[in-house]
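Heads up, the thing below is written out as structure tokens.
The values are calculated or read from the model by the stated rules, or taken from the named source; none is laboratory data. In this text the structure is predicted, and so the values were computed from the model without any measurement. All Cβ positions, glycine included, derive from the backbone under ideal geometry; neighbour counts span all protein chains shown. Ligands, DNA and RNA are stripped out before the accessible areas are found, and what is left, the full protein with its side chains, is counted by its heavy atoms. Shrake-Rupley method; radii C 1.70, N 1.55, O 1.52, S 1.80 Å.
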Amino acid sequence: MEVTENLKVFLKQDLNMLVAHSARFKTDLTADKVDNLTTMDKTIVTEEIAFAENVTWCVGKAIQACSIKSKKILTGVYLFGHTNKEVMEEMGYSKSRYWELKQIAMNEFMENFAIYQKKIDIEPFIKLVK
């Protein structure tokens with residue numbers, strides 16, 4: 001089964017719910033922390049919790065696999081909740097260059113997210129679209 005989801009809705013809204021279900025924080029999904037994520041005992045968790053753990057792991061790994069600039073944008077905006085303007089200024093880019101880089105970051109994330117979902121065979125598969 002496949003579920004199609006808008007990328008921005010997924011990162012801005014759905015991710016909050018998934019993080020809460022998995023008993024994690026968004027900051028746990030940063031590139032430097034994602035390899036240390038733990039999971040709950042699969043014999044006692046619900047399917048929703050196991051799914052949320054798997055998806056949040058995929059989010060973290062997808063960000064980790066992105067280029068340095070993409071990681072900064074995705075982490076700043078979607079994990080730390082900074083505005084695009086704040087991230088743009090912190091990175092020192094003009095508005096037009098920042099938006100180009102953000103589009104690249106979104107594309108990298110979508111590709112990486114699909115790869116990690118396939119690696120662990122998430123069901124239902126979440127197809128992210130712009």
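In this rough spin-label picture, where each label sits 7 Å from Cα along the Cβ direction, the Thr83-Glu111 distance is 3.2 nm.
By the rule of a C-alpha distance below 13 Å, with chain neighbours fewer than 8 residues away ignored, the aspartates and glutamates paired with Lys130 are Glu5, Glu108, Glu111.
Can you pull the Kirkwood radius for the stretch 66-130, inverse mean 1/r over Cα pairs, to one decimal in Å?
Answer for the stretch 66-130: a Kirkwood hydrodynamic radius of 12.6 Å.
Of the whole protein surface, Arg97 contributes about 90 Å² of accessible area at a 1.4 Å probe radius. Of the residues Trp99, Trp57, ranked by 1.4 Å probe accessible area with the largest first, the sequence reads Trp99, Trp57. Rounded to the nearest 500, what is the 222 nm mean residue ellipticity of the chain from helices alone, with -39500 (n - 2.57) per DSSP H run of 4+ residues and division by all residues? Helix-only estimate at 222 nm: -16000 deg cm²/dmol. For the stretch 1-82, the average shadow cast by the Cα convex hull is 5.7 nm², which is a quarter of the hull's surface. A simple spin-label model places pseudo-atoms 7 Å from Cα toward Cβ; at Asn16 and Thr46 they are separated by 1.9 nm. Heavy-atom accessible area, probed at 1.4 angstrom with all protein chains present, ranks Ile63, Ile49 as Ile49, Ile63, highest first. Give the Debye-formula value of log10 I(q)/I(0) at each listed q (0.20 Å⁻¹), with one equal scatterer per alpha carbon of the stretch 11-130, two decimals each. Summing over Cα pairs of the stretch 11-130 leads to -1.10. Can you list residues whose amide H is under 5 Å from Asn6's amide H, if they're 5+ apart or on another chain and H is modeled 1.01 Å from N? Those qualifying (amide H under 5 Å, at least 5 residues apart or on another chain) are Val129.
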